[in-house]
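See structure below.
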Amino acid sequence: MLTDQQLVLKSLRYRRKIIEVIKHVGAGHTGGDLSCTDILNVLYNRILRVSPATFVDPKRDRYVQSKGHCAEALFTVLADRGFFPEADLLTMCQYQSHYVGHPTRHVAGVEQNTGGLGHGLPICVGMAIAGKLDNADYRVFTLLGDGELAEGSNWEAAMAAAHYKLSNLTAIIDCNTLQISGRTCDVMNNEPLAEKFAAFGWAVRTVNGHDFNELTASLQAPLASDKPSIVIAQTIKGKGITYMEDVAKWHHGVPTDEEYRQALAELDMAIALQEGAAK
Amino acid sequence: MSAPAPSMYSDAAKKTADKLGLKMGRTNLDEFASTLQALAQANRNVLAVTSDSRGSGKLAPYGKALPNQIIEIGIAEQNLVGVAAGLASCGKTVFAVSPACFLTARSLEQIKNDVAYSDNPVTLVGISAGVSYGALGTTHHSLHDLAVLRAINNLTIVAPADNFEAREAVKAAAAAKHPVYLRFGKSPLYDLPTTEPFAFGKARILHEGTDLAFIATGETVVHALLAAAHLEQTADLRCRVISMPTVKPLDTEAILQAARDCEAVVTVEEHMVCGGLGEACAGVIAQSGIPVHFRIVGIPDEYTVTGSQADIFRHYGLTMEGLADTAKKLLGR
């Protein structure tokens, strides 16, 4: 297993690649990509039993990215895990590229096509029921945005997951408290989230979504043996780039040349510090 | 809730059916349920997924016989389709069963994204389709389903005309590697001639003729066949009757052959005239340049009249008598 320090370095490099890709292709959901980077890092480098070689194995773990708009982050991590060459990332959203702006199964390593919100959790309920029917030991994970929770289909699925005691299902909320129009609590308040999911019959844990230890501890095993698990990951939208952090307008946006230089400078400095510390 | 249903067939229509030797079968929903149960008994990967719809889907015996192969989702159609997609992605042969009106409207985005776009081989089963619910009204009618589903890539759309087509369609859907929509009503149906085999994407010619062609889908096909027999007896007209169970992909060759061979083409569907079989056929014929008289018979774009399914069929000319009148007018007889 990678050390925490190695994960820290990976996250910095992921963030740098995400910014590079968004600048190069001229589009991207920058803020959310950066808020879920550490979650994806822990999932793909510590938790999920998936690899390019075993991706067709029926026993593999499943990950469905319900917040599909953060495709740059997912594709960056998949490239790093060897599902496809990193150079492919620069074709995202380009004419005739199969690297669409939302996850699609045309991209190696993507389980399900997503992009419309409120779709991941119901699909994962189906996958988890299939696992129970087959007595398979794979686990099913999905990542939701906190703004996404206004979609009613999530709550239909939340009810069904508890009804069927889907302990093999873990949902993670990238709770960055911002959505495209502003604060989630102002647009459509979903708090108290932990209590809501507990009332629906889920095992709930709230963690710092940028802390590798807390993420690992909450994801490495189901939180309960007879309930689905939900990990509310408290995150910062735009994490890692000073001027983007906790600013709603970076929900999607391409940095200007000056902003781009500043973003890379910040990340390169952090990478150099980490590399220095590792020596 | 609904008043006792009057017969779908007039006395004259029943006599015509007798002359054709047609025997009354059961409802397509019953045929669907027993066919699915047989498939599920032979293969434990076959699953029915329901939205509190096992009763209306005639799946109560299935549920009793195979409790581990029916997944109840409750009254939550979006979740029904999403869960079905997830199950199918894990290798299950999934039939998602819900009233067509809810399945194809409330869950349309799940059908588009999770089933069709992700290519999860779910069979969506729209039960009590068209105006099956009769006087329960517009909330319960599905007169939009063929139109909206036709506009979604990667979905085979099938409306079986009788128990034979229903049985074959369920078997074909279970074997399909891609998504399918099956549309069933809940009235008993005459068994139609089975001289032509059933396959997705293939029209079935039930009666030959070159004066006019009826191209019908689903549970209106029998009325077209009766109209053809009636026109032969009363107006000396020879009409071709084409059952078009697969609305997408269309058997365009059968449509063009009818347009070439016949003086007129009448399409028939238990669906709004917008975007269904009729407009699909119109598109094929118009782009071919073949000149032919053409009419679409369906439910017009208006507040649907209140009544039983039989009342609504009669009101909008979907019965033997109505279709024969339309044919004669189109041919100037």
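I'd like the antiparallel share, as a percent to the nearest 5, of DSSP beta bridges with both residues in the range B:26-190.
In the range B:26-190, DSSP labels about 10 percent of beta bridges as antiparallel.
Taking beta carbons within 10 Å but only from partner chains, what does the mean come to for residues A:38-44?
The per-residue average across the peptide is 0.
Only Lys, Arg, Asp and Glu count, each charged at its Cβ (+1, +1, -1, -1), so figure out the dipole size of chain B about its Cα centre, rounded to 20 debye.
Roughly 580 debye, rounded to the nearest 20.
Can you work out the FRET efficiency for the pair residue B:232 and residue A:98, with r the C-beta to C-beta distance and R0 = 45 Å, to the nearest 0.05?
In this case the efficiency is close to 0.25.
Decide, for the range A:102-235, between rounded, prolate and oblate: order the square roots of the alpha carbon gyration tensor eigenvalues as a ≥ b ≥ c, take rounded if a/c falls under 1.5, and otherwise choose prolate if a/b is larger than b/c, else oblate.
rounded
For residue A:10, give me every one of the aspartates and glutamates with a C-alpha distance below 14 angstrom, ignoring sequence neighbours fewer than eight places off in its own chain.
Result set, ordered by chain and number: A:38, A:80, A:211, A:268, A:275.
Cα to Cα, under 19 Å, and not fewer than 8 places away if on the same chain: which aspartates and glutamates meet these conditions relative to residue A:249?
Of all the aspartates and glutamates, those that pass the test against residue A:249 - Cα under 19 Å, at least 8 places apart if same chain - are A:20, A:33, A:72, A:146, A:148, A:174, A:186, A:257, A:258, A:259.
With charges set only on the Cβ (+1 for Lys and Arg, -1 for Asp and Glu), what does the dipole of the range A:4-278 come to about its Cα centre, in debye to the nearest 20?
That gives a dipole near 620 debye.
If you project the alpha carbons of the range B:158-297 onto the principal axes, what extent comes out on each, in Å, largest first?
If we take the Cα atoms of the range B:158-297, the spans are 41, 34, 27 Å.
Please label the shape of the range A:25-124 as rounded, prolate or oblate, based on the square roots a ≥ b ≥ c of the eigenvalues of the alpha-carbon gyration tensor (a/c under 1.5 means rounded; beyond that, a/b larger than b/c means prolate, else oblate).
Rounded shape, in that the Cα axes give a/c under 1.5.
What aspartates and glutamates does residue B:112 reach when the alpha-carbon gap must be under 16 Å and sequence neighbours fewer than 8 apart in one chain are set aside?
B:77, B:145
Specify which residue in the list B:32, B:102, B:42 is farthest towards the positive end of the charge dipole of the range B:26-190, using unit charges on the beta carbon of Lys, Arg (+1) and Asp, Glu (-1), about the Cα centre.
About the Cα centre, the residue reaching furthest to the positive side is B:42.
Evaluate the charge dipole of the range B:9-168 about its Cα centre and quote only its size in Debye, nearest 20, assuming +1 on the Cβ of each Lys and Arg and -1 on the Cβ of each Asp and Glu.
Once rounded to the nearest 20, the dipole reads 340 debye.
Distance check, please: which entries in A:67/B:186; A:67/A:279; B:15/B:186; B:19/B:177 exceed 31 angstrom between their Cα atoms?
With Cα atoms farther than 31 Å apart: A:67/B:186; A:67/A:279; B:19/B:177.
Which residues does the label zone of residue B:176 cover in the range B:87-113, counting backbone N under 13 Å from a point 7 Å along Cα→Cβ?
Taking a point 7 Å out along Cα→Cβ of residue B:176, the residues of the range B:87-113 whose backbone N falls under 13 Å are B:94-96.
Going toward the positive end of the dipole of chain A, with +1 on Lys and Arg Cβ and -1 on Asp and Glu Cβ, which of A:194, A:218, A:117 do you reach last?
Positive-end residue among those listed: A:218.
Debye calculation, C-alpha points only, no solvent: report log10 I(q)/I(0) for chain B at q = 0.13 Å⁻¹, in the same order as the q values.
Normalising to I(0) and taking log10 leaves -0.90.
Step through the table entries B:58/B:92; A:17/B:92; B:23/B:58, compare each Cα-Cα distance with 29 Å, and write down the pairs that go over it.
A:17/B:92
In peptide B:72-80, how many Cβ atoms from other protein chains are near each Cβ within 10 Å, on average?
6
Where a ≥ b ≥ c are the square roots of the eigenvalues of the C-alpha gyration tensor, would you call the range B:221-333 rounded, which needs a/c under 1.5, or, failing that, prolate if a/b is larger than b/c, or oblate?
Here the range B:221-333 falls in the oblate category.
Which whole number gives the average, over all residues in A:56-69, of C-beta atoms from other chains lying within 10 Å of the residue C-beta?
The shielding value for this peptide is 1.
If you restrict to DSSP beta bridges whose two residues both lie in the protein assembly as shown, what percentage is antiparallel, to the nearest 5?
15
Which one of A:133, A:256, A:276 is farthest out on the positive end of the charge dipole of the range A:4-278, using unit charges on Cβ (Lys, Arg +1; Asp, Glu -1) and the Cα centre as origin?
Final value for the positive-end residue is A:133.
Ranked highest first by average number of other Cβ atoms within 10 Å, how do A:67-75, B:87-95 line up?
Top to bottom by mean Cβ count within 10 Å: A:67-75, B:87-95.
Between residue A:108 and residue A:272, what is the spin-label point distance in nm, taking each point 7 Å from the Cα along the Cα→C-beta axis?
3.5
Quick note: the coordinates plus some simple rules give every number you see, no bench work behind them. Not measured: the values here are computed from a predicted model. Backbone-built Cβ (ideal geometry, glycine too); neighbour counts: all protein chains shown.
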